[in-house]
Every structure is written in structure tokens, then in C-alpha cells.
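The values are calculated or read from the model by the stated rules, or taken from the named source; none is laboratory data. Here the structure is a predicted model, which is why all the values come from computation and not from measurement. Here the Cβ positions follow ideal geometry from the backbone for every residue, glycine too, while neighbour counts run over all protein chains shown. Ligands, DNA and RNA are excluded from the accessible area calculation, which covers all protein heavy atoms including side chains. Shrake-Rupley method; radii C 1.70, N 1.55, O 1.52, S 1.80 Å.
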Amino acid sequence: MELRHIRYLLAVADHRNFTRAAEFLHVSQPTLSQQIKQLERTLAVQLLDRSGRAVRLTEAGEAYAYHARLALRDLDAGERAIHDVQDLSRGQLRVAMTPTFTAYFIGPLVHEFHAAYPGVTLTVVETTQDRIEADLLADRVDLGIAFAGAHAAGVESVALFTERLSLVAGKTHALAGRARPLPVARLARYPLALLTRDFATRTHIDAYFEESRSTPSIVVEANSIGALVEFVRRGSLATVLPDAITRAHPDLVPIDSTPALPTRTVVLLRRATAYHSAAARAFTAIIENAARSN
């Protein structure tokens with residue numbers, strides 16, 4: 001058995017088709033088919049069900065493919081460990097985060113990291129918290145920035161800082177000059193623009209309204225922090241944002257509410273027991289230093 005046999009099997013399992021898998025692997029279909037049959041002979045078990053229109057893994061194939069993916073993940077991590085340059089003159093780092101952090105937290109971190117280690121290629125992606133944890137476990141990212149909670153088995157978290165949410169409006173909004181906290185029951189009178197339900201922030205906001213037994217008037221939903229800020233700063237709409245984003249926009253005004261909107265703990269996520277490269281360790285140090293001053 002050779003490593004290419006495993007990669008060939010997983011390609012067919014992913015594409016569910018020999019032709020597409022062969023094109024992906026840049027080999028001929030007969031070669032691909034022959035190599036997988038050789039693997040099946042070696043293991044003395046049928047790994048693929050070829051009887052239907054789509055090729056699929058047998059029960060034995062599912063079990064084998066699960067462990068094969070884990071093995072490839074660890075082999076890839078081992079290869080990166082061999083090539084890891086401890087002086088950080090070169091290297092690669094992959095960081096994922098939930099989207100609100102792009103608006104206020106990640107920018108200074110990237111600037112500081114690149115200034116210190118210009119030879120390291122940094123890849124930053126925005127995605128959901130569930131996807132971050134899945135990508136960590138699959139070794140598609142090295143670090144994640146998200147929120148505390150129940151995390152997937154194999155993912156460890158390090159608390160960074162507490163983030164507070166607040167009601168926000170533009171300076172010309174009717175609520176902007178309010179001196180006393182606004183009861184949440186009265187908020188229903190004011191139209192809101194909120195993030196879509198793809199955002200972890202929206203989950204916290206919805207839970208707040210549900211616990212307060214209040215039904216907000218949501219008239220606009222946006223999947224971009226920048227768009228939301230643009231809508232709200234013009235004065236007719238209010239929203240809910242992390243305080244740090246509000247402070248970064250002088251034309252936005254925080255409005256106290258009662259009960260107060262929730263806080264949540266921001267955490268650094270990484271795969272437990274994984275090899276952490278010099279680049280990952282350096283970026284972690286920068287994050288933790290920034291969190292202490294947040």
C-alpha cells in the first residue's frame with residue numbers, strides 16, 4: 001500500500017465519480033481504477049460500491065476513509081513541522097474568525113504580525129464558528145477567533161477578552177440624545193437593522209430579545225458590518241453592535257438599554273494535541289498581548 005492509494009480513494013469518495021476524480025488527480029481513469037482495486041486486494045475488502053449511478057463508499061470503505069483522512073491530516077502537519085522555520089524568516093499561517101472581528105480586532109494584529117515577520121504568508125478568512133471548528137479539526141486552518149461556548153471535541157479555547165454589545169444609532173436618530181436607559185419593551189417602536197442569522201452576534205441578539213420577551217421591529221438585515229454601519233449612521237435606523245465597533249465610528253452613538261445587552265467571551269481556538277508552528281505561536285503571543293490591552 002502506498003500513500004497515493006489513499007489519496008486516490010478519498011478523491012473518488014469526494015467526487016463520487018471516477019472520471020471527475022481522475023481529472024482532479026491528473027491521472028487516467030483506468031490508472032485510478034486499477035490503483036483502487038489494488039488497494040482493495042491489499043486490504044481484502046471492497047471499499048467502493050460501483051453498482052449505482054454515483055460511486056459511494058461501502059460500510060468498510062467509510063470506516064477506512066475516516067481513519068485515512070486523519071492519517072493524511074497528521075502527515076500534512078508533520079510535513080509542515082519539518083519545514084517550519086523557527087526564526088520566522090518564511091512560513092505560512094492560516095487564521096479564521098467570525099466576521100465581526102474583521103471590523104475592529106484583526107486589522108492591528110495583521111499589521112503587527114506582518115511588520116515583525118514579513119516573510120510569513122498570512123491567510124485570513126471570515127466564516128461561521130461551526131466552520132472554524134470543523135476546519136481546525138481538518139487542519140485547514142491553524143487558529144480561530146470566535147466566542148466561548150460548547151466547542152467540538154478536539155478543539156481547545158483560550159479566553160481573550162469580554163466583548164459587550166450595545167444598542168447603536170446615528171447622531172440624528174430620535175434615541176441619540178436619550179439620557180436614561182431605554183426599556184427593551186419600548187425598543188419595538190424603533191426600526192432596527194441587524195446582522196443576518198449567519199452571524200454569531202445575531203444569535204446573541206435574538207436570545208436577548210427572547211429572554212426579554214420583546215419582539216423587535218427588524219426592517220433591514222445585512223451580512224456586512226460595513227453596510228450596517230452605513231445604514232445606521234444616516235439616522236433612521238438603530239442596530240446592535242459590539243462596543244469596539246461603535247467607538248471606531250464617531251458618527252455612531254451608543255444607547256443604554258435595560259436590561260443591558262449581553263456580553264460574551266472572545267476566545268482563541270486551536271486544535272488540541274496538534275503541532276503548533278512557530279508562526280502560530282508568534283501570532284498567538286500577539287493576540288494575547290492585544291487582548292490584555294483591550
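Summary of values
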quantity	calculated
Strands (runs of 3 or more DSSP E) completely within region 87-189 that count 1 or more residues being of a type in the set (Lys, Arg) and within 30 Å of residue 227 (Cβ to Cβ)	91-97, 155-170
Residue within region 281-289 that is open to solvent by less than 60 Å² (accessible area, probe 1.4 Å), farther than 30 Å from residue 134 by Cα and in contact (Cβ under 8 Å) with a residue 12 or more places away in the chain present	no
Enumeration of residues in region 237-259 that are part of a loop (DSSP other than H, G, I, E, B), touching a residue at least 24 places away in the same chain (Cβ under 8 Å) and surrounded by fewer than 16 Cβ atoms within 10 Å (Cβ to Cβ)	248, 251, 256, 259
Qualifying residue in region 125-134 (condition: more than 17 Å from residue 199 (Cα to Cα) and either more than 13 Å from the chain's Cα centre (by Cα) or open to solvent by less than 40 Å² (accessible area, probe 1.4 Å) (or both))	no
Residue check for residue 102: surrounded by 15 or more Cβ atoms within 10 Å (Cβ to Cβ) and of a type in the set (Val, Ile, Thr)	yes
Flag if residue 204 is touching a residue at least 40 places away in the same chain (Cβ under 8 Å), in contact with a helix residue (DSSP H, G or I) (Cβ under 8 Å, 6 or more places away or on another chain) and of a type outside the set (Phe, Trp, Tyr)	no
Residue in region 126-137 that is within 30 Å of residue 204 (Cα to Cα) and either touching a Cys at 6+ places or on another chain (Cβ under 7 Å) or hydroxyl-bearing (Ser, Thr, Tyr) (or both) present	yes
From the options 46, 38, 34, 29, residue that is modelled with pLDDT of 90 or more and not acidic (Asp, Glu)	46
Search result, residues across region 11-69 that are part of a loop (DSSP other than H, G, I, E, B) and open to solvent by less than 60 Å² (accessible area, probe 1.4 Å)	17, 27, 28, 45, 47, 52, 54, 55, 58
All positions within region 191-223 that are out of contact with any Ser or Thr (no Cβ under 6 Å at 6 or more places or on another chain), of a type in the set (S, T, N, Q), surrounded by fewer than 14 Cβ atoms within 10 Å (Cβ to Cβ) and not in a strand (DSSP E or B)	196, 215
Unmet criterion (only one of (1) modelled with pLDDT of 85 or more; (2) of a type outside the set (D, E, K, R); (3) under 30 Å from residue 116 (Cα atoms)) for residue 21	(3)
